[in-house]
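Participant: Pasting a structure here, questions to come.
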Amino acid sequence: MTQTLNDTPEKIALFLAKELKDLLQAVPAFRAIRRAFPQAQIGLISFPEYQEVAQRYAAYVDEFIPFPGHPGLSGRKVKASEVVHFFCAMQQRKWDVLLSLQEHGSTVNHMLMLAGAKLTAGYFEASIAEMYEADDRFFIPFALTASSNSSPLQLVASLGIPVENDAVEFPLFAEDEGKARQAWPEWQQKSFICIHPDGDTSHQWPASHYAWLTRKLASEGYPTVLTGLHGRQRTLEEVKRLVKDGEKPAPVIIDQTDLGSLGWIIKQSSLLVSNNCAVTQMAKALQVPSVVITNDWKPEQSEKHVVLSEQAAVNLNTVISTLMNLLKDN
């Protein structure tokens, strides 16, 4: 990147305003940029609700800059006055580089030009390349048919930044343990499986399946814990009801955790089962085996992390078999 930019940038802004899983997946790119420019002031621009997450990566990002959204981009209500104020403030910052780690660049790139950085870099859509006059030294094509988890490291590497590895991270703090123990005072140091139903995905594994899995594991002698982030409890509440109505006693339920305390609980577990892609990214970062059930995202599989499509997971015996093999091998 130093060669690409001809000099060393002192102020770098990183833009990524998508889902939490995308932010977690971009951490290796944050790390590579910091190592390449240890003296640079690096700011992360993202949605306000991710500020607490960004603070976990203070080793790579110096400040968090809340992004108010933009018409046609964020899919959320925005106030024109807030958008204007945001870009006026960005122009006053006089960034050397504004790097968009967000694919599908048609809207993003035009919007980010308003920030007035000396240089803007990112992706452009390969299918409509003729609409762009993007300098291919700073922009790389992104095919709309590509995997949705295309790594920001591709962009970082194209700019000449050395990339050592793609390992994800989720640092845990002392207060995370305190919050987790407060939410789960009955916790004891023993093996358990963490089951994290998510009620906010566009396609979701049914609550009845999670309840069956919970009871089945209990009958096989595997303690389970149901977890859910505060405010995202729709499916969890249904699973709780179904488990309670079943023959097996209900497991310990944790439904008031924040992201940090949830991470601490996952770290203590033997295995995670979820259809929440961000939570399974956390398990990967914490080196906890996981099974993710999803059609919306295609994370890389490994010996510790298995992806099951919702179609495959309809066969509950397939899910149990997958879990048992992971437990045996890890």
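Just so you know, all these numbers are worked out from the coordinates, no wet-lab data involved. If you're wondering where the values come from, they're calculated on a predicted model, not measured in any experiment. Please note: Cβ atoms are built from the backbone with ideal geometry, for glycine as well, and neighbour counts cover all protein chains shown.
Participant: Tell me which residues come under 5 Å, amide H to amide H, from Lys11 once H is placed; ignore anything under 5 positions away on its chain.
Facilitator: Gln41, Asp96, Val97
Participant: Here is a follow-up. Please list, in chain and number order, the residues 5+ apart from Ile45 or on another chain whose amide H is under 5 Å from its amide H, with Hs placed from the backbone.
Facilitator: Under 5 Å from the amide H of Ile45: Leu14, Phe15, Leu16, Ile65.
Participant: Further, regarding this structure: Measure off 7 Å from each Cα along the Cα-to-Cβ vector at Lys190 and Glu82, then give the distance between these two points in nanometres to one decimal.
Facilitator: About 4.7 nm separates the two model spin labels.
Participant: Taking the alpha-carbon distance from Lys94 and a cut-off under 17 Å, which lysines remain once sequence neighbours fewer than 8 residues away in the same chain are dropped?
Facilitator: Straight-distance partners of Lys94: Lys11, Lys118.
Participant: Could you rank the peptides 161-170, 46-55 by their average count of other C-beta atoms within 10 Å per residue, with the highest value first? Don't skip to the answer; put the middle values down first.
Facilitator: On the way: 161-170: 14.6, 46-55: 16.1.
Result, highest mean first: 46-55, 161-170.
Participant: Using θ = phi - 60° and the Karplus curve 6.51 cos²θ - 1.76 cosθ + 1.60, what whole-Hz ³J(HN,Hα) does each residue of region 163-172 get, with Gly and Pro shown as x?
Facilitator: 10, 7, 6, 10, 5, 7, 9, 8, x, 10
Participant: Also, I was wondering about something else. In Å, the Kirkwood hydrodynamic radius of region 28-92 over pairs of distinct alpha carbons? Could you put the intermediate results ahead of the total?
Facilitator: Details: mean 1/r = 0.0763 Å⁻¹.
Evaluated on region 28-92, it is 13.1 Å.
Participant: Take the residue pairs Lys18/Lys190; Lys240/Lys267; Lys21/Lys216 and return only those whose Cα atoms are more than 31 Å apart. Please report the intermediate quantities before stating the final value.
Facilitator: Values: Lys18/Lys190 36 Å; Lys240/Lys267 22 Å; Lys21/Lys216 29 Å.
Too far apart for the 31 Å limit: Lys18/Lys190.
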